[in-house]
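Worksheet for the structure shown next.
The values are calculated or read from the model by the stated rules, or taken from the named source; none is laboratory data. A quick note: this is a predicted structure, and the numbers were derived from the prediction, not measured. Cβ coordinates were reconstructed from backbone atoms using ideal geometry, including for glycine residues, and neighbour counts include every protein chain displayed.
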Amino acid sequence: MQTQEPQTSRRQHSEWLRQQLQASADLARLRTSQPMLDAVIDEIAGRMIRVGDQWLADFASCNYLGFDLDPEIMGAIPAYVAQWGTHPSWSRLLGSPALYGQIEEELAHLLGAPDVLALPTITHIHMSVIPVLAGSGTILVDRRAHKTIYDGCSVAKSHGATVIRYPHDDLEALEELLASSPAHPRMICTDGINSMTGNGAPLAELARLARKYDALLYVDDAHGFGVIGERSADETSPYGSRGNSIVRFCGESYDNIVLVAGCSKAYSSLLAFIACTTSIKNFLKVTAPPYLYSGPSPVASLATVLAGLEVNERRGDAIRADLARKTRRVLDALDECGVATPNESGFPIIEIALADSDDIDDVGRFLFSRGIYVTLAAYPLVPR
Ligand SMILES: Cc1ncc(COP(=O)(O)O)c(C=O)c1O
């Protein structure tokens, strides 16, 4: 057997890394030149953060409800850790602390969903659940769906599924594809609240198509859960009530819908979930690798989810009314300055596209020098 010289193999490896980096060249350049990327946050004081000597107002974090700094929620952790330790190190298939059952039950009740299965992150869910639900069928995926959905679709493709993109929110194109794609099972994958534009998917129409063509609508509402919810006559904001996600916001049932969302944004905790029928949940318990093999969420996160659910019931709508008011203020200020944003919803994600993407480094430095911390979305975080 011929073996390669270590030096040759090292050279080949660094050439391979160089080629791989080409696709992320813009981001790699920015990461080293830009103080607002890959930053070390030295200190926080409420919504102000310190990077080196610079204090900045944080517009980049997704702690929409402020639960990360809520004294009641922070104060709930020690009692749970005293009872359960820091981390349940069984995979969920082996066993789960009773806290999981409680969380899944409370989430199902809040969402009005038939059942809920909790796993550590949405990324885990997409990578494992999309492939097993799609099998060797067809996945129709919205062109602007989150990258982690695409990654799940890539795994599904390697397991025999056919993956087809449809233009963003284009219902006509989607219906044509549904009518002409023979392989079952069929899935439609989309963001709920889009993670860049801040706008909601046309959920009612997507659900109608899913039901008409016997497809499963798979919705990632990472940014809607905790923020938007069921509509009612006495709601305190245009976000609706209770933060129980886009399906309820749109007045839809869960027929043909699998809702995926997480707690790492509005609930400031490391946990995610799938709202689905009990038969899908039981199927995933023996087929979705993170349930079988992965370490679960730490107890502190299970504690903050439970405390967060309680705070949400008592104070959530008042917090959301404040969030809606602040978002409106930013949108109105941008409007007054003549700055365009695709945000038509008033939901708290505000994307501002640069006329010339090469300006991103200068814009980032300008904002940083003025004490404003934002998400700089360079390619490949967003399409070119
Ligand atoms: C729409 C969407 N889905 C999934 C994720 C990833 O979530 P998690 O951290 O739970 O894997 C994000 C995070 O930015 C997101 O915006």
Filter the range 332-360 down to residues that are under 23 Å from residue 32 (Cα atoms) and touching a Lys or Arg at 6+ places or on another chain (Cβ under 8 Å), then give me how many there are.
1
Evaluate the following for residue 354: is it of a type outside the set (Gly, Ala, Ser), assigned to a loop (DSSP other than H, G, I, E, B), surrounded by fewer than 17 Cβ atoms within 10 Å (Cβ to Cβ) and without any contact (Cβ under 8 Å) to a residue 40 or more places away in the chain?
yes
Quick one: residue 93 ticks every box in (1) more than 16 Å from the ligand (Cβ to nearest atom); (2) crowded, with 16+ Cβ neighbours inside 10 Å bar one, so which box is it?
(2)
Does residue 248 satisfy the condition of being away from the ligand (no atom under 16 Å from the Cβ) and farther than 20 Å from residue 110 by Cα?
no
The range 106-155: number of residues that are outside any helix (DSSP H, G or I) and away from the ligand (no atom under 12 Å from the Cβ):
14
Looking at the range 321-351, which of its residues are more than 15 Å from residue 198 (Cβ to Cβ), in contact (Cβ under 8 Å) with a residue 60 or more places away in the chain and aliphatic (A, V, I, L, M)?
321
Restricting the range 156-182 to residues that are of a type in the set (S, T, N, Q) and outside any helix (DSSP H, G or I), the one nearest to residue 380 (Cα to Cα) turns out to be 162
Looking at (1) farther than 30 Å from residue 129 by Cβ; (2) touching a Phe, Trp or Tyr at 6+ places or on another chain (Cβ under 7 Å), which one does residue 114 not meet, given that it meets all the others?
(1)
Going by the structure shown, is residue 216 touching a helix residue (DSSP H, G or I) at 6+ places or on another chain (Cβ under 6 Å) and either modelled with pLDDT of 95 or more or within 15 Å of the ligand (Cβ to nearest atom) (or both)?
no
Conditions (1) closer than 30 Å to residue 91 by Cα; (2) modelled with pLDDT under 95; (3) away from the ligand (no atom under 13 Å from the Cβ) -> residue 182 fails only (1)
Quickly run through the range 104-128 and pick out the residues that are under 15 Å from the mean Cα position of the chain (by Cα) and β-branched (Val, Ile, Thr).
121, 122, 123, 125
Any hit, the range 14-31, residues being crowded, with 16+ Cβ neighbours inside 10 Å and modelled with pLDDT of 95 or more
no
Matching residues, the range 313-351, being exposed (fewer than 14 other Cβ atoms within 10 Å of the Cβ), not acidic (Asp, Glu) and not in a loop (DSSP other than H, G, I, E, B):
314, 315, 318, 325, 326, 329, 333
Across the range 42-85, the tally of residues that are in a loop (DSSP other than H, G, I, E, B) and surrounded by 15 or more Cβ atoms within 10 Å (Cβ to Cβ) stands at 8
Which of the following residues is within 16 Å of the ligand (Cβ to nearest atom) and closer than 21 Å to residue 383 by Cβ: 198, 226?
198
Any idea which of 46, 101, 52, 95 is without any contact (Cβ under 8 Å) to a residue 24 or more places away in the chain and closer than 30 Å to residue 322 by Cβ?
46
Enumeration of residues in the range 139-165 that are farther than 25 Å from residue 291 by Cβ and buried (at least 21 other Cβ atoms within 10 Å of the Cβ)
140, 142
Please pick out the residue among 112, 101 that is at pLDDT 95 or above, more than 12 Å from residue 300 (Cβ to Cβ) and loosely packed, with under 14 Cβ neighbours inside 10 Å.
101
If I filter the range 118-131 for residues that are free of Cβ contacts under 8 Å to residues at least 40 places away in the same chain and more than 16 Å from residue 258 (Cα to Cα), do I get at least one hit?
no
